[in-house]
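Here's the structure we're looking at; comments come further down.
Coordinate-derived values only; no laboratory data. Remember, it's a predicted structure, so these values are computed and weren't measured experimentally. A quick note on method: Cβ atoms are made from the backbone with ideal geometry, for glycine too, and the neighbour counts reach across all protein chains shown.
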Amino acid sequence: MRCEKISPLLNAYVDGELQDNRKQVVERHLKTCDMCSNQLESFRLLDGLLDAVTVPPTPHGFSTRVMAEARKRLSDIAEDKPKWGWWPIQWQIEFPRPILIARLVAILIFCLLGTYFGASLSSSINSIISSSPISTRAMQTQTLYAESFDLLPPGSPGARYLAFLEEGRK
């Protein structure tokens with residue numbers, strides 16, 4: 001096996017954390033690789049030095065204070081997060097239900113009016129273009145321009161809705 005794959009396993013090998021199959025792979029590699037063997041020896045030396053270091057005792061109540069601060073910070077983070085899934089509309093959801101419904105109805109009415117007046121605007125542009133005394137070439141260009149930016153392309157929901165309304169008028 002290559003050194004790049006064995007080197008990350010050396011710390012776990014020194015600490016005795018490797019499973020038997022990995023341990024055997026590392027030992028086989030160490031028999032043939034001087035570089036990894038030297039690295040293993042330096043890890044063992046470092047491990048011995050760290051074992052010799054004495055850890056100072058923590059002050060009384062230290063862990064309690066740390067955990068209390070962690071809980072406080074966690075609750076501060078939880079309060080900053082929005083309560084709803086998509087935060088840009090959170091302020092709109094907090095309105096009372098009748099106001100929210102009225103706003104949704106107003107948006108729907110504006111959409112329907114825009115669809116209706118957009119269709120009548122498109123048809124009036126086409127009628128103006130067809131009735132104006134412009135050369136045939138210019139008229140074709142303008143008609144093409146008006147058709148390519150039709151507000152209600154055939155098959156769109158708005159076009160189907162207008163067709164439905166026109167059938168109801170007949």
Practice item. Take each of the peptides 45-53, 107-115, average the number of other beta-carbon atoms within 10 Å over its residues, and list them starting from the highest. Key: 107-115, 45-53
Revision key, fill the gap. Sorted by chain and then number, the residues having a modelled amide H within less than 5 Å of the amide H of Cys33, at least 5 places away or on another chain, are none
Check your understanding: Ranking Lys23, Lys72 by Cβ neighbours within 10 Å, fewest first, what do you get?
Key -> Lys72, Lys23
